[in-house]
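Reading through the structure tokens given below for one structure.
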């Protein structure tokens with residue numbers, strides 16, 4: 001059932017190819033903008049937004065230009081220098097990404113970079129594709145490959161892996177029809193390289209729905225724009241994207257249209273970052289020096305948040321977060337407490353599963369583990385499926401119990417790649433029933449192993 005109406009004629013391509021095509025052609029205004037220092041006391045914030053609405057008849061995506069226009073406005077308020085491209089063909093898309101990646105590489109290693117794509121997406125041979133404008137999303141796989149950016153190679157690959165910085169990739173890949181939803185055609189699950197956060201508008205292998213109205217956003221971008229505008233300055237980008245996830249879920253699960261409740265989106269996040277960068281940029285030093293200091297938080301509030309931040313065990317995190325929200329509901333850090341509470345609740349539920357053999361002792365940092373180990377355990381205690389998988393790999397297969405336990409936990413939290421890794425492990429250990437169970441789990445979580453992996457049933 002298509003929900004796309006007949007559309008009015010589109011504006012001309014020449015008018016829509018705004019920031020990026022001009023940048024690729026060496027437009028002097030955009031070159032000057034690219035060299036602008038950040039108007040704050042921290043490293044630059046750079047963003048590239050690509051929005052493709054113009055697809056063949058019946059596949060057009062009316063909200064995309066509004067997505068880009070309104071997202072650009074709120075990102076600029078948050079200190080980003082933003083370039084955009086609308087309805088870009090493949091050559092223009094590649095030129096835009098390459099120019100953006102060059103700017104990011106030339107920026108300080110602790111800069112913040114954000115790439116956003118809104119348009120049609122596809123998956124071919126386990127690779128995530130971002131379709132160029134005017135490409136047909138129903139074309140044969142080989143045609144899709146020839147007319148798309150790849151998320152891993154064309155977008156994430158050129159952007160440097162910088163643990164001291166923050167690189168964000170947001171993919172709001174949509175469809176306007178729910179006819180093929182049962183086929184499970186959606187983006188493949190990924191894990192983030194160091195220093196990067198990847199957000200999908202919906203779960204791996206699932207569709208994201210585009211309203212047939214150019215005066216409205218897609219559901220995911222609507223929440224992203226709203227929270228970029230309204231979230232407290234003190235919240236981190238990591239927590240922001242989790243609040244967006246919860247907001248999308250709540251909006252769609254409570255939508256008055258039953259079909260949208262049925263196909264509610266549960267956004268996907270993959271994160272591998274060390275930096276906790278707050279949403280509002282720091283003011284320049286001279287402005288900060290002249291400004292009156294903010295009023296100190298009440299002592300009990302600061303102490304309660306410090307206790308929450310220090311907690312690792314999920315049940316304790318959930319309890320402390322709930323206490324904090326009950327006692328300090330108006331705090332600017334309430335959003336972070338919500339994220340901690342909801343993630344810890346997911347973690348508690350996962351640990352109660354009979355399929356997870358992981359105990360409280362696993363969440364105690366080793367005496368010589370250092371800050372990195374504690375940071376990963378803290379994330380895992382708040383339901384971070386990717387941190388759990390990284391901990392498993394640190395233990396390695398030689399530490400069989402902990403390796404399996406952490407992968408089981410990561411799988412229960414939704415990491416399909418960890419589930420498939422566990423399936424391969426059990427296959428090597430001659431445990432075919434467990435191997436089959438976790439292979440099915442990986443597929444159910446939306447993970448398709450690439451052809452280069454050992455993904456043939458034996």
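The values are calculated or read from the model by the stated rules, or taken from the named source; none is laboratory data. Just so it is clear, the model here is predicted, and its values are computed rather than measured. Virtual Cβ from ideal backbone geometry, glycine too; neighbours counted across all protein chains shown.
Couple of notes before you dig in:
- Subset of region 352-404 [under 22 Å from residue 273 (Cα atoms) and either outside any helix (DSSP H, G or I) or touching a strand residue (DSSP E or B) at 6+ places or on another chain (Cβ under 7 Å) (or both)]: 364, 365, 366, 368, 369, 381, 382, 383, 384, 386, 396
- Remark: residue 282 falls outside the filter, which requires a residue to be surrounded by 12 or more Cβ atoms within 10 Å (Cβ to Cβ) and part of a helix (DSSP H, G or I).
- Test: residue in region 379-395 that is under 25 Å from residue 191 (Cα atoms) and at pLDDT below 95: yes
- Candidate set: region 204-237, residues that are within 20 Å of residue 125 (Cβ to Cβ) and in contact with a strand residue (DSSP E or B) (Cβ under 7 Å, 6 or more places away or on another chain); chosen: the one modelled with the highest pLDDT: 204
- Residues located in region 179-203, provided they are assigned to a loop (DSSP other than H, G, I, E, B), farther than 18 Å from residue 141 by Cα and modelled with pLDDT under 90: 179
- Residue, surrounded by the most Cβ atoms within 10 Å (Cβ to Cβ), within region 344-355, restricted to residues that are farther than 12 Å from residue 322 by Cα and within 20 Å of the chain's Cα centre (by Cα): 347
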